[in-house]
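> Take a look at this one; I'll ask things after.
We did not get these values from a lab; they are worked out from the coordinates using the rules stated. Only a predicted model underlies this, so the values are computations on that prediction, with no experimental measurement involved. Heads up, the Cβs are rebuilt from the backbone with ideal geometry, glycines too, and the neighbour counts pull from every protein chain shown.
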Amino acid sequence: MKFKNILSLKSLIVLGFVIAVIPLFLAVMYAAFGMRETSALGRTINFQVFEQTKAIRFVLQKTADIERKARLFVLLSDPALRQPYEQQSYENTRASFKQALSELLKLHVDNKIALLVNELSEKEDLIYQQINNSVSENDLKLPVDEAFQGLRESSYSLSREFEHHVDHEFNELRLQSETLEQGLLIKGSVLLVISFIFIVLLLIILSRSMRQLDASIRRLGSGELDEPIVVSGPSYLRYLGNRLEWLRTHLMELEVSKQQFMHNVAREINLPLENIREGAKLLVNEVDENRQDIARLLCNHIDKLKTVSDELVRYSQISSKPETNRKATVNINSLLESVIEDFQPLLNAKAISVKKLVRPVDISGIEEQLRSIIEQLLSNAVKYSPVGGELRIMLRASGTQMELEVEDEGPGIEPDERLHVFEPFFRGTAAQSEEGAESSGLGLAIVKEYVTNHQGKVDIIDPRQDQPGTRIRVQIPLTGEL
């Protein structure tokens, strides 16, 4: 329960934003850290290679210098001919050579290079010992060329090994960069997948709640009030569901009150009407013709009141029990032709012609209600059309909706009355002044209720060609839940 209270719409929006941003932030941070680490490693390796390269070159240079000094010292093989400064110069060159080797070893070179440096140092020591311990060149344990050839080979081996070491370091840097790139792609993909999963779950929660709200509103709109409204999900959407449930119960109470009121009114009207009808029938049998005329007029008004009472009960029952179980596919053009054929005697009586523009249209609905809509529209059109007039009927599928238009050449409906003609018992100016066009005032109200039951709408629109008359358009979705 605590989790449901925390799970509000605002918190879900913030949570969705955080879930979407955090993986991207982590991916960017990881990429930045990896790039920084790779860059630092690259700088370190470049610096080490640069310093080692300088040291190796210096060692090779000093090796060449020590070889020249040693050869010169050997040429002056007689100690009596050697000058003190020559010995000192040789010693200084050796010291500089030893210093170069020491500086190279301080750079933390690998073991192979260190061994080659030690080997180079040992061979130079051997040459130095032989030169200092010999009186002449013939006293050397090794020939001069062989001794210095070994020194050069050691320096060459050191140079080649260092080149291999540099290649190895840069290959390691490249492999590490590739490994980091692959790791970044994998971890970034995992983070994005996790983010996508959370966002999908969030959308599922919200879409489920929105579907529940949509279905509940549709049921309320179609008059299905029996099923309770329950909306799960964020607290704000649950609150909307609770308000819809309150509206449903309130509508049910109003519907029950309306039904009771309508039935009570009908009962209270029907009982006196029956008594009045019996009295009127007795008057019809009187000899006095005036009384008979009054009785017949009274019977006609009684029949009209009875019709109004029956229509009132019928109107009150439209929304009480929607006939959703009777929904089926209805061929509207066939239904329209059937209704026109039923109205043919009335059309012939007033010499009214019918002009049709009909296209095949099938919709999902309740056939009885759809027939009643067409009958009521044609009934009004015939009732208010002049003798010899024309009815124009248009039926077509427009996008996802069926459009049915019925237009007559009668007196028309005033613009300020168009919003009220679908209200129960409303009779416009033209209807009140039209002789013989009395009605209960419930016909168009019933039409509107039936159209609403099919999730559609009905409107009074302007007639074509600026002619007087009434043009009514009905729009109903081709498919959909009722």
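> For Asp342 and Gln87 in one chain, what is 0.36 nm times their gap in residues minus the Cα-Cα distance, to one decimal in nm?
Values: separation 255, 0.36 × 255 = 91.80 nm, distance 13.93 nm.
Gain in length upon complete extension: 77.9 nm.
> Hey, another quick one. Expected output is a single nm value to one decimal: the length gained when fully extending between Gln176 and Leu220, i.e. 0.36 nm times separation in residues minus the C-alpha distance. What is it?
On the way: separation 44, 0.36 × 44 = 15.84 nm, distance 6.50 nm.
That pair, Gln176 and Leu220, stretches by 9.3 nm at full extension.
> Just want the ordering: Glu178, Glu417, from fewest to most Cβ atoms lying within 10 Å of their own Cβ.
Ordered from fewest to most neighbouring Cβ atoms within 10 Å, Glu178, Glu417 come out as Glu178, Glu417.
> With unit charges on the beta carbons (Lys and Arg positive, Asp and Glu negative) and the dipole taken about the Cα centre of segment 324-477, which residue among Ala445, Val406, Ile363 sits farthest to the positive side?
My answer, from the dipole projection, is Ile363.
> Grab the beta carbon distance between Ser235 and Ile194, set R0 = 30 Å, and tell me the FRET efficiency rounded to 0.05.
Values: r = 26 Å, r/R0 = 0.86.
Efficiency at R0 = 30 Å is approximately 0.70.
> To continue, here is another question. What full-extension length gain, to one decimal in nm, is calculated for Gln149 and Lys457 as 0.36 nm per residue of separation minus the Cα-Cα distance? Mind showing how you got there, number by number?
On the way: separation 308, 0.36 × 308 = 110.88 nm, distance 10.80 nm.
Computed gain between Gln149 and Lys457 is 100.1 nm.
> Arrange the following residues from fewest to most other Cβ atoms within 10 Å of their Cβ: Arg208, Arg248. Please list the in-between numbers first.
Working: Arg208 14, Arg248 19.
Listed from fewest to most nearby Cβ atoms, that is Arg208, Arg248.
> Another question about this same structure. To the nearest 20 Debye, how big is the dipole of segment 327-383 about its Cα centre, given +1 on the beta carbon of each Lys and Arg and -1 on that of each Asp and Glu?
Numbers: 7 positive and 7 negative charges, 59 e Å.
Roughly 280 debye for segment 327-383.
> Taking Cα centroids, how far is segment 174-245 from segment 392-429 in Å?
Cα centres, segment 174-245 to segment 392-429: 43 Å.
> Arrange the peptides 116-124, 469-477, 343-351 so that the one whose residues have, on average, the most other Cβ atoms within 10 Å appears first. Present the calculation step by step, with values, prior to reporting the outcome.
Values: 116-124: 18.6, 469-477: 20.9, 343-351: 12.6.
The packing order, highest mean first, is 469-477, 116-124, 343-351.
> Okay, next question. What FRET efficiency, computed as 1/(1 + (r/R0)^6) with R0 = 22 Å and r the Cβ-Cβ distance, is obtained for Phe50 and Lys98, rounded to the nearest 0.05?
0.45
> To continue, here is another question. Would you mind counting up the charge near Val339? Only other residues with Cβ under 11 Å from its Cβ, with Lys and Arg at +1 and Asp and Glu at -1.
On the way: positive: Arg371; negative: Glu337, Glu341, Asp342, Glu375.
Charge balance in the 11 Å sphere: -3.
> Turning to a different aspect of this structure: Expressed as a fraction of 2.2 N^0.38 Å, the rule-of-thumb size for a compact globular protein of N residues, what is the C-alpha radius of gyration of segment 324-477? Provide the component values of the computation, followed by the final result.
On the way: Rg = 14.8 Å, N = 154, 2.2 N^0.38 = 14.9 Å.
This ratio for segment 324-477 stands at 0.99.
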